[in-house]
Amino acid sequence: MQPGAVRRCSRAARTTGRRAGRRVVAELVTRFFAEEGFTTSADEVRSRVLPFVAEPANAAFLAFDGDGAVGIATLTTAYGFETGRYGEIEELYVVPSHRRRGVARALVEAALAEAARLGCHDTGRRVLDRA
């Protein structure tokens, strides 16, 4: 893949038994949570990966540089009376060595494209200020 290329970890990865993709998702989310000071443990993250990717309305996107994953974005969707289907980019993380290179932008673009494909009329991203 091209540097910064984005690949979806989908339900198909789960059904074919590809544990490597789920492992990478768990590792990147765990790194993100540790950097941000979240209290969710690595074991809790690992236990939630399979249910997350099993949901057809969820998606995880991984960015790669060579053979290594350098970023992740996750998308969840829901349905409400006011707007219909909407999405939220939940986790957005790029390893420190690959920041400011367009990786996050590529991940967000992939998540937004998937949200549109799923029929989301609105997609948002909350940014928490932990300062």
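The values are calculated or read from the model by the stated rules, or taken from the named source; none is laboratory data. The shown structure was predicted, so the numbers you read here are calculated from the model rather than taken from an experiment. Heads up, the Cβs are rebuilt from the backbone with ideal geometry, glycines too, and the neighbour counts pull from every protein chain shown.
Output the number of the condition that ALA57 fails; it satisfies all remaining conditions of (1) crowded, with 18+ Cβ neighbours inside 10 Å; (2) closer than 14 Å to ALA111 by Cβ; (3) at pLDDT below 90.
Against the list (1) crowded, with 18+ Cβ neighbours inside 10 Å; (2) closer than 14 Å to ALA111 by Cβ; (3) at pLDDT below 90, ALA57 comes up short only on (1).
Quick test for you: out of GLU27, GLU35, pick the one residue that is among the acidic types (Asp, Glu), at pLDDT 90 or above and surrounded by 13 or more Cβ atoms within 10 Å (Cβ to Cβ).
Exactly one of GLU27, GLU35 is among the acidic types (Asp, Glu), at pLDDT 90 or above and surrounded by 13 or more Cβ atoms within 10 Å (Cβ to Cβ), namely GLU27.
Given the structure, is GLY80 over 13 Å from the mean Cα position of the chain (by Cα) and surrounded by 11 or more Cβ atoms within 10 Å (Cβ to Cβ)?
no
Kindly list the number of the only condition in (1) assigned to a loop (DSSP other than H, G, I, E, B); (2) within 12 Å of the chain's Cα centre (by Cα) that fails for THR40.
(2)
State which residue is modelled with the highest pLDDT when the search covers only the stretch 88-131 and only residues that are outside any loop (DSSP other than H, G, I, E, B), over 16 Å from PRO56 (Cα atoms) and charged (D, E, K, R).
GLU91
Between a first residue in the stretch 79-101 that is touching a residue at least 40 places away in the same chain (Cβ under 8 Å) and a second residue that is aromatic (Phe, Trp, Tyr), which pairs have beta carbons less than 7 Å apart while being 6 or more apart in sequence or on different chains?
Within 7 Å, the pairs are GLU91/PHE32; TYR93/PHE32.
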